[in-house]
Structure formats: C-alpha cells, structure tokens
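Colleague: Structure in structure tokens, see below.
Computed from the coordinates by the stated procedures, all read-outs in this text should not be read as laboratory data. Note that the coordinates shown come from a computational prediction; the quantities given were computed from them, not determined experimentally. Glycine also receives a Cβ, built like all others from the backbone with ideal geometry; neighbour counts cover every protein chain displayed.
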Amino acid sequence: MRILGIESSCDETAAAVVEDGSRILSSVVASQISTHARYGGVVPELASREHLRSIVPVVRLALEQSATRMEDLGAIAVTQGPGLVGSLLVGITYAKALALVRGFPLIAVNHIEGHIHAVVSQNPVELPALALVVSGGHTHLYEVRENFVYRLLGKTRDDAAGEAFDKVAKLLGFSYPGGPVIDMLSPYGDPHGVPFTLAKMKGNTLDFSFSGLKTAVLRWYEARDMANEIAARRALHLKPTLEEWLVVTPQETLDVLASFQYTVISELLRRAQKSAEEIYARSLIISGGVACNTGLRLAAEKAKLPYPVFFPSAGLSTDNAAMIAAAAFPKLARGEFADMTLRAQANLQLA
Ligand code: KG4
Ligand code: ZN
C-alpha cells in the first residue's frame, strides 16, 4: 500500500511516497530558506506563493523517484495543521483535487503527529513512549500510548526552542535559520562561559519557558558594543561555512552561543526525563527540527537514561512529507478518512 504524503505547513513544500507506513520510496523537499533568509524569518505571503510554485513539480518528482504511477497509490495524506494557514491551504487544496479527480481516499494528518511518526515508523519504539517534539513552532511533551493515543504533558508557555535559537541568532547577526548555525559554532565556545539560569515553572512543572533565557541573551548583548562584529557577520554571503563564521565571531560570542545552547538542552532534557519517569515510559522520542542538534543528541546519549532514546534520521528531522505519509498509515487501517470539507487549521492540537 503506497501513500502519497503532502506537507506545506511552513516553509518547505514536500511530497513523499511511503509504502506500508515505513518504507520511504521517495521524499522530496523544496526548501524556501533562501527566499526567507534575507528577512530573518518566514514571511507568510511569500511562503504561500512559493508553495504554489513548487507543489506540482515536487509531487511529480516524488512519484517519479519512487517509480510510482498515480494509479498505484492507495491514498493521499496531507498536513491539516498546525502551521501557516495560507501555506497549509496550498497542500490541502492540491490533495483534495487529486483525491476528488482520481477517487483516492484522503487522510488528514496533524503535523506534530507527523514528527512523532518520523521516529516511530523507522525504529522499534516501545509504548508507552514519551515524545518531545521540538521545532520552530513547538516544544511539547506527549505521552504516546497504544493505537497512537496522545496525552499532552507539558508545552512551552512562550517561545518554542527552535524559535529561541532563531531569535538569538538573529539578534547576534547570524543567518536564518539560527539553529544549525548555533549548533555548528557551539563546540568552539565554553558552555559555562555565561552562566544562564534554568527556568522555574509555577503550576505545571513540565511546561517550558524560553523567554527568560532570550532576555538574558539580550541583556548580555546590550552590555557590549557589538556593532562591528555583527556588521561583519551580516556582510557574509547567504550560507557561510564554519571557517567564515569563526573569522567574524570573537571568543566571547562563541561562549554565549555555547552557553545558550547548553541551557536549552538542559531545559529540554530535564523535563523530558521527568515526564518519561511520570508515565513509566519505555522509550523516549525526540523529534522536530531541533532534534538535528548535535549537542542535544550527545547530551541525550551521555545521560544514560534507563530507556532507549530515538531521534529521527537526518532527512526526517526537519519538515518533510514522508513523516506525513507514515502517520497516515495507521489512520488508513482504522478507516479515518477526511472528505472535501477538510479545512486548514492553523492551531490544530494533537491532544
Ligand atoms: O521541524 P522544523 O523544520 O519546522 C517546524 O515545524 O518548525 O524545525 C525548524 C526549526 C528552526 O527553528 C531551526 O532553527 C531548528 O528547527 N533547527 C535546529 C537545528 N536544525 C534546525 N535547532 C538547533 N540545532 C539544529 N541543528
Ligand atoms: Zn515541523
């Protein structure tokens, strides 16, 4: 059974063909990073326009690369939300049209559930599992039970972790998206060079908050005259190499980056660990764009947790459509189909 997955919730237009819920036959991702980079973040109007431009060629390529003819498909899966409504609409409209014309079943997938299936579909994950979904839009802890029933245990009360990476990078003159740049430079700084404090949460202690940390970086920045080094970084071309960044980044700045990343990782892991204990988790899943972070992966390994920790493989960490097609497979088995009334939901909740 082959499912065509379509994902367009943010700044990636993606299509993939996945067989029987786990075998990825193709996964095509057209990134819009170069369109948005000069604005330091995603511009929703530009994103919708780029999705419109890319959706047809991206789907065509996904079919071609998987040697799949339209008539070989068993279903079409599409991201319903959460995300940018104008972006979601492009994928949904296209998927609906395809389903209507070709008579395929249509399956609506929550983007967050997609991130969880990016891991579940490729690894021997035992349930109940604790899933930490950590991306540009989310920092959420879910309990994953049998039959993929989810329970929300904690979430960020302000910025998502990826958003904090992006904002700190932008403040200090690094390019968008900031996560990969801070990740690349952190090994060159002292993670204890700038002592940031961990957030204390009133109420649900499994919730996250990154605004205090972000403000602490802002105060650090305001206490210095960084105009020259920031100008030097902004003058670099679109995708500087490690060596190019190092030339224009003094040790003190490397230390603040490393300390910031160290603090985010500590926040993520300590709450993930605490929630995993609470639900007697048999596995820990860490997924979403920030799951690419090398420091986070190393720290999770070093923590020697009493259950296995699973991360998505490289291509499945950031937004893609293979995870959408994979998440649709159990829904297909349960007969959970969408119809032509399917609408984009910017704030769709998983649980
Ligand atoms: O999952 P994703 O592609 O899109 C959303 O659903 O948000 O995640 C994108 C986010 C961005 O904030 C980006 O800075 C962050 O993931 N990210 C990283 C790394 N790679 C991507 N953050 C930290 N370290 C990385 N290596
Ligand atoms: Zn995502």
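Colleague: What are the ³J(HN,Hα) values, in whole Hz, obtained from phi via the Karplus relation 6.51 cos²θ - 1.76 cosθ + 1.60 with θ = phi - 60°, for each residue of the range 12-23 in sequence order, with x given for Gly and Pro?
Modeller: 10, 9, 9, 9, 8, 10, 10, 9, 6, x, 9, 8
Colleague: Please report how many Lys pairs in the range 153-251 have alpha carbons closer than 20 angstrom, counting only residues at least 8 apart along the chain or sitting on separate chains.
Modeller: Summing the qualifying lysine pairs gives 10.
Colleague: Could you grab the relative contact order for the range 176-267? Cα pairs under 8 Å, six or more apart, rounded to a whole percent. Mind showing how you got there, number by number?
Modeller: Values: 83 pairs, mean separation 54.4, N = 92.
Answer for the range 176-267 is 59 percent.
Colleague: To continue, here is another question. Projecting each Cα onto the charge dipole of the chain (Lys/Arg +1, Asp/Glu -1 at the beta carbon, about the Cα centre), which of His36, Val149, Leu89 comes out farthest on the positive side?
Modeller: Among His36, Val149, Leu89, the one farthest towards the positive end of the dipole of the chain is Val149.
Colleague: Let me ask you something else. In whole Hz, what ³J(HN,Hα) sequence does the range 221-237 give by Karplus (6.51, -1.76, 1.60; θ = phi - 60°), x for Gly and Pro?
Modeller: Residue by residue, the range 221-237 yields 5, 5, 7, 10, 9, 10, 3, 5, 5, 5, 4, 5, 5, 5, 6, 5, 6 Hz.
Colleague: Pick out which of Asp183, Asp225, Asp319 has the largest mean-square fluctuation in a Gaussian network model of the chain, springs linking Cα atoms closer than 10 Å.
Modeller: Sorting by GNM fluctuation, first place goes to Asp225.
Colleague: So what's the back-of-envelope 222 nm ellipticity for the chain, counting only DSSP H runs of four-plus at -39500 (n - 2.57) apiece and dividing by all residues, rounded to 500?
Modeller: Details: 13 runs with 154 residues, N = 351.
Result for the chain: -13500 deg cm²/dmol, rounded to the nearest 500.
Colleague: OK, next. In debye, nearest 20, what is the charge dipole magnitude of the range 101-162 about its Cα centre with +1 on Lys and Arg Cβ and -1 on Asp and Glu Cβ, if you could check?
Modeller: On the way: 5 positive and 6 negative charges, 34 e Å.
Dipole of the range 101-162, to the nearest 20 debye: 160 debye.
Colleague: Please state the relative contact order of the range 193-317 as a whole percent: Cα pairs under 8 Å, 6+ residues apart? Please report the intermediate quantities before stating the final value.
Modeller: Details: 83 pairs, mean separation 32.4, N = 125.
With pairs under 8 Å counted, the relative contact order is 26 percent.
Colleague: Taking 8 Å as the Cα distance limit and 6 or more residues as the minimum spacing, I'd like the relative contact order of the chain as a percentage.
Modeller: 27 percent
Colleague: Same structure again: From the phi angles alone, apply the Karplus equation (6.51, -1.76, 1.60; θ = phi - 60°) to the range 85-92 and give each ³J(HN,Hα) in whole Hz, x where the residue is Gly or Pro.
Modeller: Working through the residues one at a time gives 4, x, 6, 4, 4, 5, x, 5 Hz.
Colleague: Antiparallel as a % of all DSSP beta bridges within the range 51-179, to the nearest 5? If you can, show how the numbers build up before the last one.
Modeller: Values: 12 of 17 bridges.
DSSP beta bridges in the range 51-179 are roughly 70 percent antiparallel.
Colleague: If you don't mind, another one. Give the peptides 266-275, 104-113, 131-140 in descending order of average Cβ contacts within 10 Å, highest first. Walk me through the intermediate numbers first.
Modeller: Values: 266-275: 19.5, 104-113: 23.7, 131-140: 26.8.
Most protected by this proxy first, the peptides run 131-140, 104-113, 266-275.
Colleague: Which percentage, to the nearest 5, of the DSSP beta bridges contained in the chain is antiparallel? Spell out each step's value before the answer.
Modeller: Numbers: 27 of 45 bridges.
Here the share of antiparallel DSSP bridges comes out near 60 percent.
Colleague: For the Cα atoms of the chain, what angle does the longest principal axis make with the long axis of helix 161-171, in degrees from 0 to 90, nearest 10?
Modeller: Approximately 50 degrees, to the nearest ten.
Colleague: Further, regarding this structure: In degrees between 0 and 90, to the nearest 10, how far off the longest principal axis of the chain does helix 44-65 point, with axes built from Cα atoms?
Modeller: 50 degrees
Colleague: Please get the size of the charge dipole for the range 87-246, origin at its Cα centre, with Cβ charges of +1 on Lys and Arg and -1 on Asp and Glu, quoted in debye to the nearest 20. Don't jump to the answer; show the numbers that get you there.
Modeller: Details: 16 positive and 16 negative charges, 97 e Å.
For the range 87-246, the charge dipole is close to 460 debye.
Colleague: I've got another one for you. Search the structure for amide H atoms under 5 Å from the amide H of Phe310, placed 1.01 Å from N in the peptide plane, and list their residues when 5 or more places away or on another chain.
Modeller: Distant-sequence amide H within range of Phe310: Leu284, Ile285, Ile286.
Colleague: Between Gly295, Gly81, Gly178, find the one with the highest GNM mean-square fluctuation for the chain; connect C-alpha pairs within less than 10 Å.
Modeller: Highest fluctuation of the listed residues: Gly295.
Colleague: Another question, if that's okay. With axes computed from alpha carbons, what is the tilt in degrees of helix 251-278 against the longest principal axis of the chain, rounded to the nearest 10 within 0 to 90?
Modeller: Result, in degrees: 50.
Colleague: Distance between the C-alpha centers of the range 36-79 and the range 161-195? Whole Å please.
Modeller: 29 Å
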